[in-house]
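J.: Have a look at this one before I ask anything.
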Amino acid sequence: MRNLNCSIYRGGTSKGVFLLEEDLKALSSDLDQVLLKVMGSPDIRQIDGLGGAVSTTSKVAIISKEIENHWDVNYTFAQVLVDKPIVSYAGNCGNISSAVGIFAIENKLVDIKDPVTTVKIYNTNTKKVIEESIPTPNGELLYTEDFQIAGVPGKGLKIDLTFVKPAGSLTGKLLPTGNPTDVYQVDGVGEVEVTIVDASNPLVYVDARQIGLTGYEKVSDIDGDKALLEKLERIRGMAAKQLGLVSRVENSSTESPGVPKLTLVAPSKDYQDVEGTLISESDYDLSIRMMSMQKAHKSIALTGALCTFAASVIPDTIPNRLVKKHTSDHEKSTFTLGHSSGTISGSIDYEILNDGGVEVHSVTSYRTARKIFTGTVFFN
């Protein structure tokens with residue numbers, strides 16, 4: 001059997017296998033086939049690998065130390081599909097990104113500092129830099145701090161993630177179509193207005209009420225409705241085709257399963273999260289329900305939250321119409337989003353240009369992350 005040194009880290013509300021690029025190169029094997037074997041795909045249980053049988057736990061981070069450029073490490077994100085023999089490198093995972101900094105510290109790819117170690121990470125998928133500030137008091141990496149995020153039990157160290165100049169992560173443009181909204185004629189659905197924004201990751205937004213939903217649905221409400229899932233994928237497929245990511249709408253789940261991410265939004269309103277906790281209308285600014293790999297996300301993708309912060313300040317987009325807070329000048333604005341598992345907050349540093357466009361300087365949010373396992377994975 002072949003083997004690889006590996007680690008498993010939780011980053012935010014995702015969990016993934018972390019590998020050093022030099023170890024993969026030493027195998028001299030097809031990368032996709034190695035990752036499929038390591039994770040145990042395709043198999044809905046991933047019983048023969050390290051995957052956790054859902055998209056948020058079937059992820060891989062490939063890391064290397066940077067020698068020539070101003071950043072510290074290079075990071076490639078791979079989404080390994082659970083039930084198909086497909087590995088997607090389109091887009092990035094912000095939750096997994098939050099563990100890259102501590103992986104770099106643990107593996108001595110960067111020098112640890114007191115009281116905070118800032119790790120500059122180059123994401124090869126999006127060709128963007130992420131700056132992670134990690135508490136390291138007295139030059140030590142501790143996992144015992146008291147910051148908590150929705151969707152993860154317990155508390156951990158607070159990691160600040162700033163995505164620098166995040167616009168155009170995949171398409172090269174903040175508004176890939178050049179419009180704040182577009183209208184699709186979707187088979188079996190009818191006329192649907194959408195907004196596509198690309199900041200950290202490309203998202204396609206739909207006002208949930210336009211397609212007969214409320215925007216406050218639980219994950220089970222969405223995943224338990226096969227007809228709804230098919231409807232949502234057709235809308236996402238239209239966006240993927242418009243962006244040139246797929247050749248045909250019906251191929252979206254295989255040719256570009258992860259991006260753009262379909263996102264349902266609605267005005268803030270009282271609702272109950274998955275644990276039955278009341279989330280008050282006054283606690284957040286915009287309701288959001290994201291899709292991930294053709295299923296409802298159990299909480300929210302970090303890059304999805306960051307993109308939504310950006311979408312919320314772009315005039316005339318669907319999120320901009322529905323968000324509680326509106327600003328018009330260059331400033332650092334904060335937002336809180338309400339999702340299935342609770343809320344997530346963050347900020348955006350941007351300015352409105354003379355031509356009415358928006359320039360996004362950075363988007364920031366906060367995650368926890370930790371090391372779970374280090375060892376060797378064996379595979380055929």
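J.: Can you tell me the Rg and the Dmax, both Å, for the Cα atoms in region 193-346?
T.: For region 193-346, the Cα-based Rg and Dmax read 14.7, 44 Å.
J.: Per residue, how much accessible area does the chain have with a 1.4 Å probe, in Å²? List each step's numbers first, then the result.
T.: Working: 15710 Å² over 380 residues.
That works out to 41 Å² per residue.
J.: If you don't mind, there's one more thing I want to ask. Using only the alpha-carbon atoms of region 1-141, report the extent along each of the three principal axes, biggest first, to the nearest angstrom.
T.: 44, 30, 28
J.: Working with all protein chains in place, sort Met291, Met1 by solvent-accessible area computed with a 1.4 Å probe, largest first. Walk me through the numbers before you get to the answer.
T.: Details: Met291 15, Met1 160 Å².
The most accessible residue leads, giving Met1, Met291.
J.: Find the lysine pairs in region 264-380 meeting two conditions, Cα atoms under 27 Å apart and a separation of 8 or more places or different chains, and report how many there are.
T.: Taking region 264-380 as the scope, the lysine pair count is 10.
J.: Same structure, new question: In whole percent, how big is the carbon plus sulfur part of the accessible area of region 106-264, probe 1.4 Å, protein atoms only?
T.: Details: 3230 of 7030 Å².
Roughly 46 percent, rounded to a whole number.
J.: Relative contact order for the chain using alpha-carbon pairs under 8 Å, separation at least 6, rounded to a whole percent?
T.: Numbers: 948 pairs, mean separation 68.6, N = 380.
Answer for the chain is 18 percent.
J.: Run the helix sum for the chain: -39,500 (n - 2.57) per DSSP H stretch of 4+ residues, divided by residue count, reported at 222 nm to the nearest 500 deg cm²/dmol. Mind dumping the intermediate values first?
T.: Details: 8 runs with 70 residues, N = 380.
Estimated from H runs of four or more residues: -5000 deg cm²/dmol.
J.: Can you work out ³J(HN,Hα) from phi for every residue in region 141-157, in order, using Karplus 6.51 cos²θ - 1.76 cosθ + 1.60 and θ = phi - 60°, giving whole Hz and x for Gly and Pro?
T.: With the stated coefficients, region 141-157 comes to 8, 10, 10, 10, 6, 10, 8, 10, 10, 5, x, 10, x, x, 10, x, 6 Hz.
J.: Give a residue-ordered list of calculated ³J(HN,Hα) values for region 267-273 (Karplus: 6.51 cos²θ - 1.76 cosθ + 1.60, θ = phi - 60°; whole Hz; x for Gly, Pro).
T.: After applying 6.51 cos²θ - 1.76 cosθ + 1.60, I find x, 5, 7, 4, 7, 10, 7 Hz.
J.: Would you mind pulling out the separation of the Cα centroids of region 182-245 and region 38-85, in Å?
T.: Here the answer is 26 Å between Cα centres.
J.: If I take the Cα coordinates of region 282-380 and project them onto the principal axes, what are the three extents in Å, biggest first?
T.: 58, 25, 25
J.: Here's a follow-up. To the nearest whole percent, what portion of all C-alpha pairs in region 278-318 is separated by more than 17 angstrom?
T.: Values: 342 of 820 pairs.
The calculated P(r) of region 278-318 puts 42 percent of pairs beyond 17 Å.
J.: For region 121-269, what is the Kirkwood estimate of the hydrodynamic radius, computed as the reciprocal of the mean inverse distance between distinct Cα atoms, to one decimal in Å? Show your work: numbers first, answer last.
T.: Numbers: mean 1/r = 0.0565 Å⁻¹.
About 17.7 Å for region 121-269.
J.: Straight-line reach from Lys173: which aspartates and glutamates have a Cα under 19 Å away, not including same-chain ones fewer than 8 places off?
T.: Within the straight-line limit of under 19 Å, Lys173 reaches these aspartates and glutamates: Asp182, Asp198, Asp316, Asp349, Glu351, Asp355, Glu359.
J.: Could you sort 114-127, 295-308, 75-88 so that the peptide with the highest average Cβ count within 10 Å comes first and the rest follow in order?
T.: On the way: 114-127: 17.6, 295-308: 26.9, 75-88: 20.7.
Peptide ranking by packing, descending: 295-308, 75-88, 114-127.
J.: Using heavy-atom solvent-accessible surface (probe 1.4 Å) with all chains present, what is the largest-first order of Ile63, Ile44? List each step's numbers first, then the result.
T.: On the way: Ile63 0, Ile44 125 Å².
Most to least solvent-accessible, the answer reads Ile44, Ile63.
J.: Rg and Dmax of region 244-320, using alpha carbons, in Å: what are they?
T.: Here Rg and the maximum Cα pair distance are 14.5, 43 Å.
J.: Give me the percent relative contact order of region 202-340, please, defined on Cα pairs under 8 angstrom at least 6 residues apart.
T.: Numbers: 235 pairs, mean separation 38.0, N = 139.
About 27 percent, as a whole number.
J.: Continuing with this model, one more query. Percent of Cα-Cα pairs per 5 Å bin, from 0 to the last occupied bin, for region 1-48, please list those.
T.: In whole percents, the pair-distance histogram is 5, 17, 27, 26, 18, 6, 1.
J.: Something else about it: State, to one decimal in nm², a quarter of the convex hull surface area for the C-alpha atoms of region 61-191, i.e. the direction-averaged projected area.
T.: 11.7
J.: Another question, then. Quick one: Cα convex hull volume of the chain, Å³ per residue?
T.: In the chain, the Cα convex hull volume per residue is 136 Å³.
The values are calculated or read from the model by the stated rules, or taken from the named source; none is laboratory data. Just so we're clear, the structure is a prediction, and the values are computed from it rather than from any experiment. Please note: Cβ atoms are built from the backbone with ideal geometry, for glycine as well, and neighbour counts cover all protein chains shown. Only protein heavy atoms, including side chains, enter the accessible area calculation; ligands, DNA and RNA are left aside. Shrake-Rupley method; radii C 1.70, N 1.55, O 1.52, S 1.80 Å.
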